[in-house]
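K.L.:
Handing you this structure, nothing more for now.
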Amino acid sequence: MAEPVCFLPTALIAGESMELHTSFTLLVEDGVITRIGAPEPRVPLVRLDNQLLCPMFIDAHTHVGDAGAKELGLGLPMEQVVIPPDGVKHRFLSRLAPADHVAMMRQALLEMLTGGVIACADFREQGVPGARLLEEARHGLPIEVRILARMTEGLPQDDLLAEGRELLAFCGGLGVRDVESYPEAVLRQLRAEFSQKLFALHADETRAQSEDSRRRFGSSQAVRALPWQPHIAVHLTHTPPQDLRRLADAGVTGVSCPRANMLLGDGLPDLAAWQAAGLPFGLGSDNLMINAPDMLREMDAAVRLVCGLHEDGTLAHPAAALRAATLEGARALQLDDRLGSLEVGKHASFIAFDLSRPNWRYSRNLLGTLVHRATVADISAVYIQGRPLTHWLEGTP
């Protein structure tokens with residue numbers, strides 16, 4: 001059992017509401033926060049002068065498997081880049097040697113950790129072999145990876161069920177590319193058999209997809225998925241407000257990837273409408289072909305997008321953006337019992353930002369500076385369960 005220790009920073013962001021506190025300590029025992037408040041007598045004190053402590057980030061939607069194809073499809077329509085079986089990325093992946101693929105994904109996971117990401121949800125392709133490659137890439141790293149696998153599209157129903165059962169026995173859940181990728185009956189059956197697994201899908205990512213769905217079926221892609229009870233709906237770039245409310249009422253969590261939507265030309269997700277509908281949401285960096293897994297940039301983009309869409313600067317709420325990048329993502333991935341916020345009973349996993357760096361000097365609103373100015377270069381240290389990231393990576397190739 002490790003000795004308890006008190007961390008004393010200049011400021012820290014704690015609780016579900018992401019409140020800023022000064023002159024508070026984190027008392028950590030066996031990697032878990034046991035008290036937030038005044039220093040504990042007779043407990044070793046670790047002074048973190050000029051440091052702001054922030055909960056580690058949750059990247060709620062990624063495609064880590066594409067990490068070796070940075071900017072490969074830049075400037076092409078989304079359909080040519082990511083739609084199987086002949087998308088640019090699928091042709092790239094088909095030529096990769098397994099060892100090279102593992103090395104690429106491992107580098108991406110290390111990039112996440114050094115950038116303050118403690119967990120991600122990955123839409124993993126290539127069946128069980130692909131999921132095993134990602135597990136190999138993650139081996140020995142202190143990052144949680146929720147692998148949401150995909151079945152092979154176009155198979156007969158019985159074969160889909162067999163493949164889905166095999167995948168769900170190994171992976172954390174299913175990541176459905178499109179509401180029309182598989183028969184609803186198959187997804188209903190798997191959802192009933194694997195009730196403890198996560199089910200997620202892409203929905204209404206492009207205007208054409210959403211309008212076609214509403215023309216042919218009378219509702220958005222996201223609402224059409226409700227019969228098989230997904231936990232997570234990603235993108236929702238063009239989901240109508242009334243359908244957002246239906247998702248919220250059904251207990252679905254949204255995940256927005258604003259930088260990816262903008263660069264791919266998919267459109268601009270109206271996150272203010274998500275909030276008005278009562279839809280909880282996390283943030284994701286999406287496809288590593290086009291985005292660095294940088295949650296600081298994702299928060300900044302999300303807030304600026306909302307203010308610009310509505311031509312209303314009063315919609316800038318940095319605490320809400322930080323919750324989306326931390327706690328709401330943890331809730332979506334069912335990790336909030338230990339991650340997503342600095343609270344008693346949770347892991348002492350946090351990012352230390354150096355307030356002496358130029359981005360932070362003269363800040364009049366530390367939360368605002370965190371969301372809109374801070375960069376990965378401002379991170380002085382990452383602590384996981386009370387220990388520096390360097391401790392976890394010692395001896396790691």
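The values are calculated or read from the model by the stated rules, or taken from the named source; none is laboratory data. Remember, predicted model here, so these are calculated numbers, not experimental data. In this analysis, Cβ positions are derived from the backbone assuming ideal geometry, glycine residues included, and neighbour counts consider all displayed protein chains.
K.L.:
Report whether or not S356 is outside any strand (DSSP E or B) and either at pLDDT 95 or above or not small (G, A, S) (or both). So that I can check it myself, show each step before the final result.
P.N.:
On the way: outside any strand (DSSP E or B): yes; either at pLDDT 95 or above or not small (G, A, S) (or both): yes.
Answer is yes for this residue.
K.L.:
Condition check: modelled with pLDDT of 95 or more, part of a loop (DSSP other than H, G, I, E, B) and within 21 Å of A119 (Cβ to Cβ). Does A292 satisfy that?
P.N.:
yes
K.L.:
From M289, M299, M295, which residue is in contact with a Phe, Trp or Tyr (Cβ under 6 Å, 6 or more places away or on another chain), in the same structural domain as M78 (by TED's automatic domain parsing) and surrounded by 16 or more Cβ atoms within 10 Å (Cβ to Cβ)?
P.N.:
M295
K.L.:
For segment 182-203, how many residues are of a type in the set (G, A, S) and crowded, with 18+ Cβ neighbours inside 10 Å?
P.N.:
Summing the residues that are of a type in the set (G, A, S) and crowded, with 18+ Cβ neighbours inside 10 Å in segment 182-203 gives 2.
K.L.:
Scanning for something among the charged types (D, E, K, R), more than 25 Å from E71 (Cα to Cα) and over 15 Å from the mean Cα position of the chain (by Cα), does segment 297-319 turn up at least one residue?
P.N.:
First, pick out the residues of segment 297-319 that are among the charged types (D, E, K, R): 297-298, 300, 304, 311-312.
Within this subset, residues satisfying the condition of being more than 25 Å from E71 (Cα to Cα) are 311-312.
Right, trim to over 15 Å from the mean Cα position of the chain (by Cα) and you get 311-312.
Yes: segment 297-319 contains one or more residues that are among the charged types (D, E, K, R), more than 25 Å from E71 (Cα to Cα) and over 15 Å from the mean Cα position of the chain (by Cα).
K.L.:
Would you mention how many residues in segment 339-363 are among the aliphatic types (A, V, I, L, M) and either without any contact (Cβ under 8 Å) to a residue 24 or more places away in the chain or over 18 Å from G115 (Cα atoms) (or both)? Break it down into steps so the answer makes sense when it comes.
P.N.:
From segment 339-363, those among the aliphatic types (A, V, I, L, M) are 339, 342, 344, 348, 351-352, 355; that's our starting set.
Then keep just the ones that are either without any contact (Cβ under 8 Å) to a residue 24 or more places away in the chain or over 18 Å from G115 (Cα atoms) (or both); that gives 344.
Count: 1.
K.L.:
Hey, another quick one. Of a type in the set (D, E, K, R), surrounded by 14 or more Cβ atoms within 10 Å (Cβ to Cβ) and either under 20 Å from the mean Cα position of the chain (by Cα) or modelled with pLDDT of 90 or more (or both): which single residue out of D30, D49, D66 fits that description? I'd like the intermediate steps shown before the answer.
P.N.:
Working: D30 fails: surrounded by 14 or more Cβ atoms within 10 Å (Cβ to Cβ); D49 fails: surrounded by 14 or more Cβ atoms within 10 Å (Cβ to Cβ).
Selected residue: D66, the only one of D30, D49, D66 that is of a type in the set (D, E, K, R), surrounded by 14 or more Cβ atoms within 10 Å (Cβ to Cβ) and either under 20 Å from the mean Cα position of the chain (by Cα) or modelled with pLDDT of 90 or more (or both).
K.L.:
Please list, ordered by residue number, the strands (runs of 3 or more DSSP E) wholly in segment 97-207 having 2 or more residues that are within 30 Å of V371 (Cα to Cα).
P.N.:
Answer list for segment 97-207: 117-124, 144-149, 198-203.
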